[in-house]
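Undergrad: Below is the structure I would like to discuss, written out as structure tokens.
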Amino acid sequence: MKLKQISRIWISIIMTFILTTGCSDQGATVVKQPEVIYFRLAEIHPSDHPTTKADKEFARLVEERTKGRIIIKVYDSEQLGPEKAVLDQVRFGAIDFTRLSMGQVAEISPQLNVLQLPYIYRDSDHMWQVLNSDIGDFFLESIEDKGLIGLAWYDGGARSFYNSVREVKTLSDLEGLKFRVMESQLMVEMARALGTSVIPMAYGEVYSSIQTGVIDGAENNFPSYETSLHYEVAKYFTIDEHVRVPEMLIASKKILDRITEEDLEIIMACAKESEIYQRDKWRIEEKESEKKLRELGSIITEIEDREAFVEAVRPLYDRYANDYLEIVKRIQEME
Ligand code: GTR
């Protein structure tokens with residue numbers, strides 16, 4: 001055997017020994033580090049929105065509690081696409097986590113419409129009472145058959161109309177105005193029932209559509225109206241609070257192929273903690289946002305005929321909640 005061949009054999013014996021036993025440094029065996037798992041979370045809001053801050057808190061908690069074994073990177077500002085496309089990708093596992101409006105998720109899980117019926121909640125506390133009850137748990141778990149794990153609820157505030165044309169004080173002032181709504185059948189029918197013309201479209205297209213006159217306005221909560229800069233092109237904001245749409249922090253069921261049951265429990269606990277963080281942040285920033293918008297020149301108007309709004313949308317209850325009348329009754333009766 002030639003010298004070259006002998007040394008090659010020796011090198012491969014040594015390499016095999018190092019790879020199977022770990023290399024020794026002055027006698028101490030270096031333990032192989034567990035593999036770090038990287039996940040992506042899709043968010044459409046920009047980084048200064050209270051909800052994006054909560055997504056990041058969730059990611060921070062997961063990294064801390066798993067001692068850096070699981071890292072969730074938050075992609076904000078629609079970097080991973082609009083909500084509708086994100087939802088499909090999360091279902092099929094191309095995106096691991098997302099925070100979505102329930103309005104979007106209800107398109108594939110229609111039972112969720114019950115929780116976004118117009119004027120179903122008296123106020124934010126009433127909504128949270130429902131979300132934190134067995135009703136909230138039932139609906140959060142009800143998306144499992146769609147390949148989704150519902151992790152936590154986030155606050156989406158109350159949604160109201162804003163437009164570029166005129167101040168709206170009554171239901172009849174809305175007539176003839178053209179509004180963008182979410183790509184949700186319930187939202188389309190709700191806006192029509194209130195006498196408006198409706199165009200469903202993705203959130204990211206709203207600013208330029210108002211600017212170019214394709215639509216007169218849209219509807220949303222204060223933090224979104226502010227951080228999307230829609231106030232720049234539609235200064236008339238009417239507090240009609242026609243709907244409160246809870247938001248959901250969601251994981252793809254496909255993450256279960258990459259993590260253990262214990263890790264899932266950690267993730268779920270962190271999500272619930274981030275829910276409390278988001279709710280607190282929301283409460284503070286919603287008020288700050290309203291104040292800031294007034295300073296920036298938005299004309300913010302209270303409606304004069306709330307009952308007329310409530311009456312106009314009542315037929316939607318028959319259409320969307322007929323199979324859940326018992327739950328609707330329980331929600332309405334919650335003190
Ligand atoms: C926001 C909500 C988003 C999205 C957006 C919209 O309030 O947080 O998830 O639904 O409204 O109107 O598209």
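The values are calculated or read from the model by the stated rules, or taken from the named source; none is laboratory data. Keep in mind the model is a prediction, meaning the values are calculated, not measured. Methodologically, a virtual Cβ is constructed for each residue, glycine included, from the backbone with ideal geometry; neighbour enumeration extends over all protein chains shown. Surface accessibility is based on the protein's heavy atoms, side chains included, excluding ligands, DNA and RNA. Shrake-Rupley method; radii C 1.70, N 1.55, O 1.52, S 1.80 Å.
Residues checked against (1) over 15 Å from the mean Cα position of the chain (by Cα); (2) polar (S, T, N, Q); (3) buried (at least 19 other Cβ atoms within 10 Å of the Cβ):
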{"site": "G213", "(1), (2), (3)": "yes, no, no"}
{"site": "Y231", "(1), (2), (3)": "yes, no, yes"}
{"site": "R244", "(1), (2), (3)": "no, no, yes"}
{"site": "D263", "(1), (2), (3)": "yes, no, no"}
{"site": "K272", "(1), (2), (3)": "no, no, no"}
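Undergrad: Which of the residues belonging to the range 152-175 are over 10 Å from A218 (Cα atoms) and either in contact with a Gly (Cβ under 8 Å, 6 or more places away or on another chain) or among the β-branched types (V, I, T) (or both)?
TA: Result: W153, V165, V168, T170, L171, S172, L174, E175.
Undergrad: List the residue pairs whose Cβ atoms are under 9 Å apart, where the first residue sits in the range 93-104 and is within 9 Å of I250 (Cα to Cα) and within 9 Å of the ligand (Cβ to nearest atom), the second is among the charged types (D, E, K, R) and not in a strand (DSSP E or B), and the two are 6 or more positions apart or on different chains.
TA: If the second residue must be among the charged types (D, E, K, R) and not in a strand (DSSP E or B), the pairs left are R99/E43; R99/D55; L100/E83.
Undergrad: Ok, one more. Give me the pairs, please: first residue somewhere in the range 246-264 and of a type in the set (D, E, K, R), second residue anywhere and assigned to a strand (DSSP E or B) and surrounded by 18 or more Cβ atoms within 10 Å (Cβ to Cβ), beta-carbon distance under 8 Å, and either six or more positions apart or on two chains.
TA: Matching pairs, first to second residue: E247/R99; E247/L100; E247/S101; E247/W153; E247/Y154; K253/L148; K253/I149; D263/I70.
A quick yes/no check of all residues on (1) crowded, with 17+ Cβ neighbours inside 10 Å; (2) out of contact with any Cys (no Cβ under 8 Å at 6 or more places or on another chain); (3) in contact (Cβ under 8 Å) with a residue 12 or more places away in the chain; (4) not in a loop (DSSP other than H, G, I, E, B):
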{"site": "Y119", "(1), (2), (3), (4)": "yes, yes, yes, no"}
{"site": "D125", "(1), (2), (3), (4)": "no, yes, no, yes"}
{"site": "V130", "(1), (2), (3), (4)": "yes, yes, yes, yes"}
{"site": "F139", "(1), (2), (3), (4)": "yes, yes, yes, yes"}
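Matching residues to (1) under 16 Å from the mean Cα position of the chain (by Cα); (2) surrounded by 24 or more Cβ atoms within 10 Å (Cβ to Cβ); (3) under 17 Å from M248 (Cβ atoms):
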{"site": "V90", "(1), (2), (3)": "yes, yes, yes"}
{"site": "I149", "(1), (2), (3)": "yes, no, yes"}
{"site": "F161", "(1), (2), (3)": "no, yes, no"}
{"site": "T170", "(1), (2), (3)": "no, no, no"}
{"site": "M187", "(1), (2), (3)": "no, yes, yes"}
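Undergrad: Across the range 105-115, what is the total count of residues that are within 14 Å of the ligand (Cβ to nearest atom), assigned to a helix (DSSP H, G or I) and over 16 Å from A152 (Cα atoms)?
TA: 0
Undergrad: Taking helices (runs of 4 or more DSSP H) that fall entirely within the range 196-301, which contain at least 3 residues that are touching a strand residue (DSSP E or B) at 6+ places or on another chain (Cβ under 6 Å)?
TA: 261-295
Undergrad: Sticking with this one: Can you report the number of residues in the range 59-88 which are away from the ligand (no atom under 15 Å from the Cβ) and either in contact with a Phe, Trp or Tyr (Cβ under 6 Å, 6 or more places away or on another chain) or open to solvent by less than 50 Å² (accessible area, probe 1.4 Å) (or both)?
TA: 8
Undergrad: Is the range 206-220 home to any residue that is under 28 Å from E141 (Cβ atoms) and of a type outside the set (S, T, N, Q)?
TA: Within the range 206-220 (the criterion being under 28 Å from E141 (Cβ atoms) and of a type outside the set (S, T, N, Q)), the answer is no, since none of the residues qualifies.
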